[in-house]
Each structure stands twice: as structure tokens, then as C-alpha cells.
Amino acid sequence: QVQLVESGGGLVQPGGSLRLTCAASGIDFRLYAMGWYRQTPGKQRELVARITREGITNYGDSVKERVTISRDNAEKTVYLQMNSLKPEDTAVYYCNAGRFRRIDLKQLDYWGAGTQVTVSS
């Protein structure tokens with residue numbers, strides 16, 4: 001059974017920092033690209049940051065320069081360090097694990113339940 005469990009969300013003041021953690025189980029973590037996405041009511045889920053299994057990163061335009069994604073394959077964990085947070089960063093943040101399985105040409109995607117981040121004074 002695949003599980004992605006996010007933690008580290010909460011209430012933070014504008015300009016503050018948070019570190020989100022996603023712990024994975026039930027998958028061969030090394031084979032998956034890992035990502036963080038966020039969603040607010042009435043809007044589509046958007047990419048925050050993604051890291052491939054080789055460690056290549058890419059970031060959403062709205063958060064570039066303010067966030068860093070990293071992964072620890074031994075711990076099966078992915079992190080999102082967020083700095084200089086703004087009220088518009090308020091959202092539910094979701095962890096994603098994805099890979100393209102060549103043997104049957106199937107795209108596998110798993111999601112966590114999400115963690116709320118609220119940026120407010």
C-alpha cells in the first residue's frame with residue numbers, strides 16, 4: 001500500500017519560513033520523481049517544485065528563488081523549504097510521487113492527503 005504523508009504545514013507570518021516533509025512508503029522511492037503541488041479553493045492544482053530521481057529540480061514561477069526541494073532516498077523523504085512566505089502562498093500543499101513504468105507504458109502517480117499552509121499576520 002502506497003502512502004505519502006505530509007507534515008510541517010501550519011500558520012506562519014508573512015516573511016517567515018516553513019519546511020514541509022513528505023514521507024513515502026510502499027514504493028521504490030529511488031525510481032520516482034517527487035513533487036510538491038498546491039491548491040486553493042476554486043483553482044487548479046499547481047506545481048510548486050519537483051525533483052527527479054537523478055536530483056534535477058524545477059520550480060513553479062511563482063515560488064522560484066524562495067523555495068528549495070530536496071530528497072533523501074535512504075529515508076524515503078522529500079522536503080520543501082519555503083522562505084519569504086507571502087499571503088498568496090496560502091494553500092493546501094500536496095506531495096506527489098510519479099514515474100513512467102516502461103514495462104507496461106503506465107504512468108504511476110500517487111498523492112498525499114495534503115497539509116495546510118496559511119500565511120497571515
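Of note:
- Residue pairs meeting the criteria (Cβ under 6 Å; at least 6 apart or on separate chains; first within 18 Å of residue 18 (Cα to Cα), in the stretch 51-73; second in a loop (DSSP other than H, G, I, E, B)): 66/83; 66/84
- Odd one out for residue 5, checked against (1) open to solvent by 60 Å² or more (accessible area, probe 1.4 Å); (2) of a type outside the set (D, E, K, R); (3) under 30 Å from residue 121 (Cα atoms); (4) without any contact (Cβ under 8 Å) to a residue 40 or more places away in the chain: (4)
- Any hit, the stretch 84-92, residues being free of Cβ contacts under 8 Å to residues at least 60 places away in the same chain, open to solvent by 60 Å² or more (accessible area, probe 1.4 Å) and over 14 Å from the mean Cα position of the chain (by Cα): yes
- In the stretch 93-114, residue least open to solvent (accessible area, probe 1.4 Å) [restricted to those that are under 17 Å from residue 19 (Cβ atoms) and of a type in the set (Phe, Trp, Tyr)]: 93
- Within the stretch 74-83, considering residues that are touching a residue at least 12 places away in the same chain (Cβ under 8 Å) and open to solvent by 40 Å² or more (accessible area, probe 1.4 Å), the one farthest from residue 24 (Cα to Cα): 83
- Matching entry among 71, 53, 66 (being open to solvent by 50 Å² or more (accessible area, probe 1.4 Å) and basic (Lys, Arg)): 53
- Check on residue 17, open to solvent by 50 Å² or more (accessible area, probe 1.4 Å), over 18 Å from residue 96 (Cα atoms) and in contact (Cβ under 8 Å) with a residue 40 or more places away in the chain: yes
- Count of the stretch 41-57 residues which are assigned to a strand (DSSP E or B) and among the hydroxyl-bearing types (Ser, Thr, Tyr): 1
- The test for being surrounded by fewer than 17 Cβ atoms within 10 Å (Cβ to Cβ), more than 18 Å from residue 115 (Cβ to Cβ), more than 12 Å from the chain's Cα centre (by Cα) and in contact (Cβ under 8 Å) with a residue 40 or more places away in the chain does not hold for residue 11.
The values are calculated or read from the model by the stated rules, or taken from the named source; none is laboratory data. Predicted, not measured: the structure shown is a model, and the values here were computed from it. Cβ sites come from the backbone with ideal geometry, for glycine too, and all protein chains shown count toward neighbours. When the accessible area is computed, the model is the full protein with side chains, heavy atoms only, and any ligands, DNA or RNA have been set aside. Shrake-Rupley method; radii C 1.70, N 1.55, O 1.52, S 1.80 Å.
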